[in-house]
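The values are calculated or read from the model by the stated rules, or taken from the named source; none is laboratory data. Remember, predicted model here, so these are calculated numbers, not experimental data. Please note: Cβ atoms are built from the backbone with ideal geometry, for glycine as well, and neighbour counts cover all protein chains shown. For the accessible areas, the whole protein counts, side chains as well, though only heavy atoms, and no ligand, DNA or RNA atoms are used. Shrake-Rupley method; radii C 1.70, N 1.55, O 1.52, S 1.80 Å.
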Amino acid sequence: MLPIVLIPLLPLIGFLIVGLFWPYFKGKGHWVTVPLVALSAVLSIRAFMDTLNGPPIHFVLYNWIHSGHFSVSISLMIDHLTAAMLVMVTVVSTLVHLYTVGYMKEDSGYDRFFSYISLFTFAMIVLLISDNLLELFFGWEGVGFCSYILIVHWYERRPSWMAANKAFIMNRIGDFGFLLGIFLTYNVFGTLDYEGIFRAIPAHLHDTIFPFSVFHSTESASVLTVIALLLFVGAVGKSAQIPLHPWLPDAMEGPTPISALIHAATMVTAGIFMIARLSPIYNASPTALMIVGWTGAITAFVAATIALTQRDIKKIVAYSTMSQLGYMVMACGVGAYGAGIFHLLTHGFFKALLFLAAGSVIHSLNGEQDIFRMGGLSKYMKLTFVTMLLGSLALSGIPPFAGYFSKDLILSDAFQSGPRGQIFWAIGLITAVLTAFYTFRLIFMVFTGKENFSNDGHHGHAPHESPLVMTIPLVILSLGAVFAGWLGDRFDIVGYLSQSMTVPHLMETSGISDGTLKMISVLAGVVGIGVAFFLYGRPSGVPLALSKSFRPLFNLSRNKWYFDEIYDAVFTRPAIFLSHILWKEVDKGVIDMIVNNIASSCQSAGASLRRLQTGQLQNYALVMALGLFGMVSIFIFMK
């Protein structure tokens, strides 16, 4: 029991020690947090090995809340799904901790940053090991809070706190829906424990509610569909699905290590995990599955189109995260939860690799993030170039790298699931071409061709490779980018994961084999890389000509489909206008006027009454006599 308890406890201890005593560490906080998180990773691997041939681990630590019939405990549950996620989260987190030692070396908030990322890891582990919705929500909010304080790490910079506020507000919208889903779940099932909920689902398959009765509507809906969709709203916010996605690219304003942690191992993966964990609820609602699938497919495609024209190296990688998350959500929408989680696991390694490699480039160029001001860096940063190339091949789905086994499995499962899945497959295939294109556009512009950075005087020094403490994590993650998919396929990770999830009864098969479908997916990746080489792998005026010929499409992509502008016009500006009206007209014009007039009236009345205070006894006696006369007169009159 103790080794299992230590998995979440060790990062928490690291946070408490460094967080409470940070003034005494003076840039040495990593000596506490890195070993503790690494030990947590070792224990997670051991727990994973224990679940290979043994039953799930489940025990109650203590009774958290007990009131009437409501009872929730703090528990640890490690089944196959949780065990696999724990390994990925803690290993990637350990490597990000190690990388941070070099990347944040000169930062004034060095120890504070280490305490926060340890807390981030703890919150994600709590989310994974919960056996009930309330404990999961505790970890859910924990990762949201940690992402906020880490994005705003450089709080003196306006873009940082603007991005943090954006992430906070958009996630609150999602969390509001998620919380409503939890309330309705308890109202229907009378419990928040996964086991109790799943066991009671058959008894509520035909239950309906009237979700719009407040508008006097008599339209009814399946209660399971409403629960599934409310919970999915939380996943849309947390995993940056359309329309609650704009916070994710802006979160790049935080330091690169936290970008890697958010995108690879924590935060955005929470939504995918939640859908897979609650798969019995989603399986009971074909309508919810359909909405989940369409949301994922649209997100994957839109994010890929935006990434085509971006100039910021981190934002290109960020949009690729959003697109890959779309693949995972789409997989859940066709009931291929195992394929979705498999892609989440492999994606964790090669996405962390891409972010940390991008951070290495930024570190080398003294903060430069514009890929149009780079070029030719492979000569100066051979190790970073090779590792980033491996991560890019994995992201593009080229065999034998990790993405080939997991992403192509999603596309294959989607195609085999029926007509709707075949539409998803077509969208996913187009997205695969775009993914390979923008990924290698980045590679060619950053590492090959003309050295555009040499024309700038502000870098101050020639590009150079990062120190070992930063490159060692790159090498280890690149091994994951190369072998994680093959290992997962070789040892049937999908079959292993599927023992913790249930598959809906809608899986069909087509006349096309999985091998043929995977070959088509690989061909899509090769086409994308070929087009990227043709346009950016050698001197060419074609990209500029294309941007002029297709100006509306280019602007649509470059301006991120105008989501920010639309939200600004629909929500932000009306809210500011309404606030101005309430401030100027209602608060100052009405409320303040009433209060000030009352005060002025009292002041005037007081001034008038003050004149009666003459200090002469005969005047007071006269007033008293008049008062007495009036009272007697009224008494006689009334009688």
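Would you pick out the residues in the stretch 78-118 that are more than 26 Å from residue 131 (Cβ to Cβ), open to solvent by 10 Å² or more (accessible area, probe 1.4 Å) and part of a loop (DSSP other than H, G, I, E, B)?
Within the stretch 78-118, 105, 106, 107, 108 meet the criteria.
Can we say residue 267 is touching a Cys at 6+ places or on another chain (Cβ under 9 Å), closer than 30 Å to residue 466 by Cβ and either open to solvent by 40 Å² or more (accessible area, probe 1.4 Å) or hydrophobic (A, V, I, L, M, F, W, C) (or both)?
The answer is yes for residue 267.
Just checking: which of the helices (runs of 4 or more DSSP H) contained wholly in the stretch 241-326 hold 3 or more residues that are of a type in the set (Val, Ile, Thr) and touching a Gly at 6+ places or on another chain (Cβ under 9 Å)?
268-277, 286-307
Kindly provide the set of residues from the stretch 202-229 that are open to solvent by less than 40 Å² (accessible area, probe 1.4 Å) and either part of a helix (DSSP H, G or I) or in contact with a helix residue (DSSP H, G or I) (Cβ under 9 Å, 6 or more places away or on another chain) (or both), ordered by number.
Within the stretch 202-229, 204, 221, 222, 223, 224, 225, 226, 227, 228 qualify.
Determine if the stretch 552-572 includes at least one residue that is surrounded by 10 or more Cβ atoms within 10 Å (Cβ to Cβ) and over 30 Å from residue 438 (Cβ atoms).
no
Do you know which residues across the stretch 178-201 are among the polar types (S, T, N, Q), open to solvent by less than 80 Å² (accessible area, probe 1.4 Å) and more than 25 Å from residue 329 (Cα to Cα)?
Once the filter is applied, which keeps residues that are among the polar types (S, T, N, Q), open to solvent by less than 80 Å² (accessible area, probe 1.4 Å) and more than 25 Å from residue 329 (Cα to Cα), the stretch 178-201 yields only 191.
Could you figure out which of (1) farther than 19 Å from residue 434 by Cα; (2) in contact (Cβ under 8 Å) with a residue 24 or more places away in the chain; (3) under 26 Å from the mean Cα position of the chain (by Cα) isn't true of residue 539?
Among (1) farther than 19 Å from residue 434 by Cα; (2) in contact (Cβ under 8 Å) with a residue 24 or more places away in the chain; (3) under 26 Å from the mean Cα position of the chain (by Cα), residue 539 violates only (3).
Of the conditions (1) over 30 Å from residue 370 (Cβ atoms); (2) open to solvent by 10 Å² or more (accessible area, probe 1.4 Å); (3) touching a residue at least 24 places away in the same chain (Cβ under 8 Å), residue 472 fails just one. Which one is it?
With respect to (1) over 30 Å from residue 370 (Cβ atoms); (2) open to solvent by 10 Å² or more (accessible area, probe 1.4 Å); (3) touching a residue at least 24 places away in the same chain (Cβ under 8 Å), residue 472 is out only on (1).
Quick check on this structure: which one of 612, 626 is open to solvent by 90 Å² or more (accessible area, probe 1.4 Å), farther than 30 Å from residue 163 by Cα and not in a helix (DSSP H, G or I)?
None of the other options fit; the residue is 612.
Where in the stretch 1-60 are there helices (runs of 4 or more DSSP H), lying fully within it, with 1 or more residues that are of a type outside the set (S, T, N, Q) and in contact with a strand residue (DSSP E or B) (Cβ under 9 Å, 6 or more places away or on another chain)?
Result: 2-20, 30-53.
Results for (1) in contact (Cβ under 8 Å) with a residue 40 or more places away in the chain; (2) open to solvent by 10 Å² or more (accessible area, probe 1.4 Å); (3) within 18 Å of residue 356 (Cα to Cα), shown as yes or no for each residue.
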| residue | (1), (2), (3) |
| --- | --- |
| 292 | yes, no, no |
| 305 | yes, yes, no |
| 309 | yes, yes, no |
| 313 | yes, no, yes |
| 318 | yes, no, yes |
| 321 | yes, no, yes |
